[in-house]
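Everything below concerns the one structure shown next.
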Amino acid sequence: MLCASCRLLVARAATTLPAPPRGRGPALRYQRRELHFPGHPEPPSSDSSVGRLTRQSVPLGRRVILRRGRMPPAVGGGLAGSELRSRRGRCGSQAARVVGRDVAAEAAARSPKRPVRSSRRFEAAGRWALLALVTLVSFATRFHGLDQPAHVCWDETHFGKMGSYYINRTFFFDVHPPLGKMLIGLAGYLSGYDGTFLFQKPGDKYEHHRYMGMRGFCAFLGSWLIPFAYLTVLDLSKSFPAALLTAALLTFDTGCLTLSQYILLDPILMFFIMAAMLSMVKYNSCADRPFSAPWWSWLSLTGISLAGALGVKFVGLFIILQVGLNTISDLWHLFGDLSLSLVTVGKHLTARILCLIVLPLVLYVAIFAVHITVLNKSGPGDGFFSSAFQARLSGNNLYNASIPEHLAYGSVVTVKNLRMAIGYLHSHRHLYPEGVGARQQQVTTYLHKDYNNLWIIKKHNTNSDPLDPSFPVEFVRHGDIIRLEHKETSRNLHSHYHEAPLTRKHYQVTGYGINGTGDSNDFWRIEVVNRKFGNRIKVLRSRIRLIHLVTGCVLGSSGKVLPKWGWEQLEVTCTPYLKDTLSSIWNVEDHINPKLPNISLDVLQPSFPEILLESHMVMIRGNNGLKPKDNEFTSKPWHWPINYQGLRFSGANDTDFRVYLLGNPVVWWLNLVSIALYLLSGSIAAIAMQRGAQLPAEVEGLTKILLRGGGQLLLGWVLHYFPFFLMGRILYFHHYFPAMLFSSMLTGVLWDTLLRLCAWGLASSSLARGVHALGILSLLLGTAYSFYLFHPLAYGMVGPLAQDPESPMAGLRWLESWDF
Amino acid sequence: MLGVLKRPIVVTADINLNVVALTGVGLLSRLWQLSYPRAVVFDEVYYGQYISFYMKRIFFLDDSGPPFGHMLLALGGYLGGFDGNFLWNRIGAEYSSNVPVWSLRLLPALAGALSVPMAYQIVSELHFSHSAAMGAALLMLIENALITQSRLMLLESLLIFFNLLAVLSYLKFFNSQKHSPFSLHWWSWLMLTGVACSCAVGIKYMGVFTYLLVLGVAAFHAWHLIGDQTLSNGRVFSHLLARAVALLGVPVILYLLLFYVHLMLLYRSGPHDQIMSSAFQASLEGGLARITQGQPLEVAFGSQVTLRSVFGKPLPCWLHSHQSTYPMIYDNGRGSSHQQQVTCYPFKDVNNWWIVKDPGRHQLVVNSPLRPVRHGDVVQLVHGMTARLLNTHDVAAPLSPHAQEVSCYIDYNISMPAQNLWRLDIVNRESDRDVWKTILSEVRFVHVNTSAVLKLSGAHLPDWGFRQLEIVGEKLSRGHHGSMVWNVEEHRYGKSQEQRERELELHSPTEVDISRNLSFMARFSELQWRMLTLRTEDSEHRYSSTPLQWVTLDTSIAYWLHPKTSAQIHLLGNVVIWASASLATAAYTLLFFWYLLRRRRNVCDLPEDAWQHWALAGALCIGGWALNYLPFFLMEKTLFLYHYLPALTFQILLLPMVLQHVSDYLCRSQLQRSLLSALVIAWFSTACHVSNMLRPLTYGDRPLSPSELQALRWKDSWDILIRKH
């Protein structure tokens, strides 16, 4: 399709251009130029004929607005060489015919008869004023009533708490990367919040605690979404009405508003996503001035935003994917441009690798470095991490540890798996259920510190208490046959020829025996893998394996999550395949033995890459572990675009202050219709171009905007929405909002283009002018009015529920599934 | 007239002896000793059950895939005169004499045998040489895993057959596109493509991947057709329409037809009835239909009903109450109303009966004239055996404290008044005056005082509640959810006013008689929906594996072991073929991108038509492999080595084409070419040798000594069974 259309264009260009600067202008150059409709300080004189033709038909007032579509001179200005400039000149005529009336009008305005300078200044002022207005309205709506309600709402309980952890420098564990929470913590710190509020559960009153800094910060970032969307659409469509419509849709969407007003990760995430999108679009439109200052700055800004998006949530991967696809297609075009030498293409490639891969990676790693440096006190997340990791945290019992160094019989220990995020060997009084091997006590691994993680090392053949002071201390050595007795239940670690519950090829591990008396299946040979410290077993340092004496299998964890009967802890098995994998190697972490002297020992300090890798393993494991519980009512991805159901942020009863996260149905359903319309009109346009239909210049320009600009946005929507269908983890309504931003931008581009096409179709009648303006205006007003109706959802409502005719929201419960 | 007589009648037969020969050896390799072993081998134990169900016409539900494959297997049984009387209970069980093993295994074996000549045809339709085509067919022929899989009562070989058929017929269609569009030839291949696709999907959902492949390639070609400006608009439109009909319309219709036949065949009730809705069950012969036959349709005041939860998760169950009360204090210290328990009970029981009562009257019998209950009416529900009224109040439910407790009200003379009025809300009503109908109506009970909705929470009560399911009043009505919806399953008009008589009446079966029919589309959509949403307990299997282990053949499956000797059938691939097929895939990918980049810089290494053929071969084979393989990484179900076989066939097809390409375009001199041929011959002989070595495990015909078996265990992860004597 691309080829066909560009061939067509070349043909046309060749016939209309008076003197192409270089004889054999390759087709692709035109094609690329055209993508971006760049602005041109000095259009070639050949355009004036087009300008003159249309001059009469464009009323003066409109022209002023339309001309704001041009790039600011600073960006459009020429750092580029002469060769480039001549090419740009050619491209200018091309752009003019593509954008048709708008640019033609511009050209007309710029013809020597006009007072060029003053009008340009006027126009620039107007452009900035409009942007300022959009930004102002956005900020006003987001900051209005920000302090209400003065209690913890919904997930503020998590993210507020995590912000406090940063202020208190307490280590914690979360499934998301740390940037978002770090920024929240920083905002809190700067605004004088002292980190003492507990954020225990939604509904807790903030009282004297200063929470406004954190909310204000989120609202601040959330407010930028609208100017960003405005600028993105403006750049993609070169049309102010489209940009305004997008801005209105997002400003007046109650969902975006609600989500921006609380201490959540979403406004931060969406800020970075939109920033990445905007800078990507901007850098695309400087494609004709490669390696210029704006080009570099937009490119590196894209990279920085990508790092930010990924640093807040892994959902940032989708925007990375989008930028990646855009970059690949960009490079593909450059590579096919035979006028560029391979060296130039190589430079392009290197620049992108530097800015879009290396830079984000460095930043992302830096975020983690800060995270790990700041959180240096022991906290609730310790157990998720390896012993060596924990030794860094002050307050942890491994920090400057003072424990007996070598294991002796009678020692009480915790045993930790060396594979990341598996946890401690654990047992509890519950039995394996019927049908799962033998009905004996469960043995699992568990990530949290707990009394049930404690085991006593005993000799296999005697049951006497080795802590009896009359016995001499006897150290455990490599190759000894031992018994591990569970301290709380006095059952022995046991294995036998029964299938393990999940990994059927392995043997089951259970707790067996009464008060330490069991059978020969309780005997394990302890082996040290790294024997450079001698035959004794050293706390933390020694990597040990436990080999079952009777069956010869080795104790390990499969890492699989047990069903509900196993409390969703991880499976422990005895592996008959003696492979040297980390999952069957353990180390001793806590060690209590009153008969041995405590000595302080330096623990292995993990290197930074190890810490980074470990944090990611733990996060991914945590994310996969977020499974919906049985019978829990969960939100499904198909609910989201139809605005099927909201999320209750605060309050449930008549008397409460209720905030309900729900999209403005008018906006959302308009978006939904727009996607369908876009697919329809887009495919009609694409087929028409593929058939080689001769479209009038203006229609062709609009079609291109629809296909290219709209295509980018549709891709964004698809990438931010459809992957959720494949996710096994629990999903919530608010996951849709990044996709919703793209869908709203698409709506803006679509309606503006369609209305322009309508206006063009009606060109003969007097209505022509009005159709576009009227259409856009009615959409703007409609959205604003719907916001007036639904604003209590976001700003909070008190009083009877919507079923009640007395309620302020009476009659607005359009779907029965909305409960406000 | 005479002209006909003047010239002789000539039949020109154009027989490719290659194809004939390949078919012959294919049949030989797959049909040889087909009825050995005369015992249940691996998954035959699973598919055999369904064959028996077909033979006995008993309804079943298998969530693993659509029923076409099962039907084909059952066709074999039907042809062999199988009566369905065999207990498929364990692998290795001897077949009794009434089981026609040969004809049961015949269809999969035929499909496997025909895949061999089809591989030949596909490669030659892709415009590669006859020797390449021959190579592909021979590789298919000697691939041990394919042989094993097609000689048993399993579905993979049927799936592979239809996959290849779809690709082949699309290629035939595409190749006739240029010179004879809209000819009979063109039409028949196009239609066959659609038919083969729907058959593949009908055998296993996996077939969708190949269907998507064909659709993708067809869409790409159609897009070029649109761009072809030598064709008129009308011509393009008719081309597109023909493709849409054949590739979208025909498969949908066939898929529906498949289910139609399936439901026609299975008309008796069976063990899986419980999973289906009451209406569906009533459409089967026997089972619920026997009970509900002739029930009065309209529920009236005074009706005796059982109420079934429509949601049916975690278990299908009926609204139930019994004498026991909620414990005064729960384990966690919260209190209850100490009134009579209301639960959901997964078994039929006399305590499931409720009487619909008009709050304004005292009567518990149906008056004449009948007063049907309509949408919006306020009713009371009286528990039949205890005569207490269904009630809910502002007390936290035992396990879901955010919801209200539902009880049967007991008047303790305390400050807790009865709140036993419920408004009937017919969910699937057509108008607001709809009458509450047995089985058909799906209703919600909305509590009048608190507007809570009667809901099955899905949690199991502890011992004091006899592990029955918890019923709550959900106050915050979160939209329509299946767990709040109920339907009347059993129904009769109450006649006895006295409690004692009524109890007797409740114990007696319902008697009146009318039958009820459900439309095919309703039954189809319900069945399809259940198949897609049913979650069977995912248990890990001893021989299950992960997709990563397939490419390197790091896993195997023991299918069958002779009861006395060590003869065994083991699913193992030919290592040489698997490794070289993966290498060929990698080589193709590298070469393809190399050519692509160079073409972009206007350096054409290949002539245009060779490039086209090369690209199409890659799109089909690499695309087929990737589509049939990569999705498994996202699946959470238990996976086995045989899931990889469809992907493997695409890789095998590619292998000789890559070799031919190397010889044609990369070998610069005759010497290099001869050298390559010699290498290929050596490699192929190795493959044959390996295939022959593994043959005892493929056919299971020869017992091997432990040392021989140990010698065959080339990888530690192969679980070859060795008897310890």
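Taking R0 as 35 Å, what's the FRET efficiency between residue B:87 and residue A:626 from their Cβ-Cβ distance, rounded to 0.05?
Given R0 = 35 Å and the Cβ-Cβ separation, E is 0.20.
Return the long-range amide H neighbours of residue B:453 (sequence gap of 5 or more, or a different chain), with a cut-off of under 5 Å between placed amide H atoms.
Sorted by chain and number, the residues that satisfy this are B:447, B:474, B:475.
Taking amide H positions as placed 1.01 Å from N in the peptide plane, with prolines and chain starts having none, which residues 5 or more places from residue B:559, or on another chain, fall under 5 Å of its amide H?
Amide H to amide H, under 5 Å and 5 or more residues apart or across chains, residue B:559 pairs with B:569, B:570, B:571.
Taking the number of other C-beta atoms within 10 Å as the exposure measure, put A:374, A:473 in order starting with the fewest.
Ordered from fewest to most neighbouring Cβ atoms within 10 Å, A:374, A:473 come out as A:473, A:374.
Any idea what the relative contact order of region B:623-725 is, in percent, if you count C-alpha pairs under 8 Å spaced at least 6 apart?
Reported as a whole number, the value is 16 percent.
Quick one: check the C-alpha center-to-center distance for region B:616-686 versus region A:723-737, whole angstrom.
37
Semi-axes of the equivalent ellipsoid of region B:1-142: what are they in whole Å, largest first, if each equals the square root of 5 times a C-alpha gyration tensor eigenvalue?
After diagonalising the Cα gyration tensor, the semi-axes are 39, 21, 15 Å.
With θ set to phi - 60° and the Karplus curve 6.51 cos²θ - 1.76 cosθ + 1.60, what are the ³J(HN,Hα) couplings of region B:198-210 in order, to the nearest whole Hz, using x for Gly and Pro?
5, 5, 4, 5, x, 7, 8, 4, 3, x, 4, 5, 5
For chain B, what does the relative contact order come out to in percent, with C-alpha contacts under 8 Å and a separation of six or more?
Relative contact order for chain B comes out at 14 percent.
In peptide B:271-284, what is the residue-averaged number of other protein chain Cβ atoms found within 10 Å of each Cβ?
Counting other chains' Cβ atoms within 10 Å and averaging over B:271-284 gives 0.
Which of the three applies to region A:203-314, rounded, prolate or oblate, going by the alpha-carbon gyration tensor with a ≥ b ≥ c and a/c under 1.5 meaning rounded?
Oblate shape, in that a/c is at least 1.5 and b/c is the bigger or equal ratio.
Residues of A:206-213, mean number of Cβ from any other protein chain within 10 Å of their own Cβ, rounded to a whole number?
0
If you plug each phi of region B:435-441 into the Karplus form 6.51 cos²θ - 1.76 cosθ + 1.60 with θ = phi - 60°, what whole-Hz ³J(HN,Hα) values come out, in order, with x for Gly and Pro?
Listing the rounded values in order: 8, 6, 10, 4, 6, 6, 7 Hz.
At 7 Å along the Cα-to-beta-carbon direction for both residue A:504 and residue B:9, put a label point, then send me their distance in nm to one decimal.
Spacing of the two 7 Å Cα→Cβ label points: 6.1 nm.
Taking a cut-off of 18 Å, what percent of all Cα-Cα pairs in region B:200-332 are separated by more than that?
75
Would you mind putting A:547-559, B:28-40 in packing order, based on average other-beta-carbon counts within 10 Å, highest first?
In decreasing order of mean packing, A:547-559, B:28-40 become A:547-559, B:28-40.
Normalised radius of gyration for region A:152-263, please: alpha carbon Rg relative to 2.2 N^0.38 Å, two decimal places.
It is 1.27.
First obtain the Kirkwood hydrodynamic radius of region A:675-759 from its Cα pairs, then insert it into the Stokes-Einstein equation at 10 °C and 1.306 mPa s, and state the resulting D in µm² per second as a whole number.
The diffusion coefficient I find is 113 µm²/s.
What average number of partner chain Cβ atoms lie no more than 10 Å from the Cβ of the residues making up B:450-463?
That average works out to 1.
Just the Kirkwood number for the protein assembly as shown, please: inverse of mean 1/r across all distinct Cα pairs, in Å, one decimal.
The Cα-based Kirkwood calculation yields 38.1 Å.
Quickly work out the residue A:691-to-residue B:692 label distance, labels modelled 7 Å from Cα along the C-beta direction, and quote it in nm with one decimal.
Roughly 6.3 nm, to one decimal.
Treat each spin label as a single point 7 Å out from the Cα along the C-beta direction, and report the residue A:683 to residue B:25 distance in nm.
Spacing of the two 7 Å Cα→Cβ label points: 4.7 nm.
Taking chain B as a whole, which cysteines find no other cysteine Cβ under 4.7 angstrom from their Cβ?
Unpaired cysteines in chain B: B:197, B:199, B:408, B:604, B:621, B:667, B:688.
If each residue of separation counts as 0.36 nm, what is the full-extension length gain between residue B:188 and residue B:175 once their alpha-carbon separation is subtracted?
Gain on extension, residue B:188 to residue B:175, equals 3.4 nm.
Given R₀ = 25 Å, FRET efficiency for residue A:616-residue A:730 by Cβ-Cβ distance, to 0.05?
0.75
Region B:319-470: Rg/Rh from Cα coordinates, Kirkwood Rh?
Ratio of gyration radius to Kirkwood radius: 0.97.
Going by the alpha-carbon gyration tensor, a ≥ b ≥ c the square roots of its eigenvalues, is chain B rounded (a/c under 1.5) or, if a/c is not under 1.5, prolate (a/b greater than b/c) versus oblate?
It is prolate, given that a/c is not under 1.5 and a/b is the larger ratio.
Give me the extension gain from residue A:813 to residue A:765: residue separation times 0.36 nm, minus the current Cα-Cα distance, reported in nm with one decimal.
This chain segment gains 13.1 nm when fully extended.
With 10 angstrom as the radius, rank A:448, B:179 by how many other C-beta atoms surround their C-beta, starting from the fewest.
Placing the least packed residue first, the sequence is B:179, A:448.
For region A:356-448, rounded, prolate or oblate, judged on the Cα gyration tensor with a ≥ b ≥ c (square roots of eigenvalues), a/c < 1.5 rounded, else prolate if a/b > b/c?
oblate
From the helices alone, meaning DSSP H stretches of at least four residues, give me the mean residue ellipticity at 222 nm for chain B, per-run term -39500 (n - 2.57), in deg cm²/dmol to the nearest 500.
-14500 deg cm²/dmol
Sort largest first and round to whole Å: the equivalent ellipsoid semi-axes of region A:257-315, each the square root of five times a Cα gyration tensor eigenvalue.
Rounded to whole Å, the semi-axes are 27, 11, 7.
Given the pairs A:458/A:595; A:416/A:487; A:560/B:204, which span a C-alpha to C-alpha distance of over 21 angstrom in this model?
From A:458/A:595; A:416/A:487; A:560/B:204, over 21 Å: A:560/B:204.
Tell me the relative contact order for region B:524-635 as a rounded percent, counting alpha carbon contacts under 8 Å between residues six or more apart.
Answer for region B:524-635 is 17 percent.
Determine, from the Cβ-Cβ distance of residue A:332 and residue A:296 and an R0 of 30 Å, the FRET efficiency 1/(1 + (r/R0)^6), rounded to the nearest 0.05.
0.90
Among A:807, A:285, rank each residue by its count of other Cβ atoms within 10 Å, from fewest to most, as a rough exposure measure.
The order, fewest Cβ neighbours first, is A:807, A:285.
For region A:749-762, just list the computed ³J(HN,Hα) in residue order, Karplus coefficients 6.51, -1.76 and 1.60, θ = phi - 60°, integers in Hz, with x standing in for Gly and Pro.
Per residue, the Karplus-derived 3J(HN,Hα) values read 4, 4, 5, 4, 5, 4, 5, 5, 4, 4, 4, 5, x, 8 Hz.
Read-outs throughout are calculated quantities, based only on the coordinates presented, and are distinct from any laboratory measurement. Because the structure is predicted, anything quoted here is derived from the model rather than measured. Quick reminder, even Gly has a Cβ in these numbers, built from the backbone with ideal geometry, and neighbours come from all protein chains shown.
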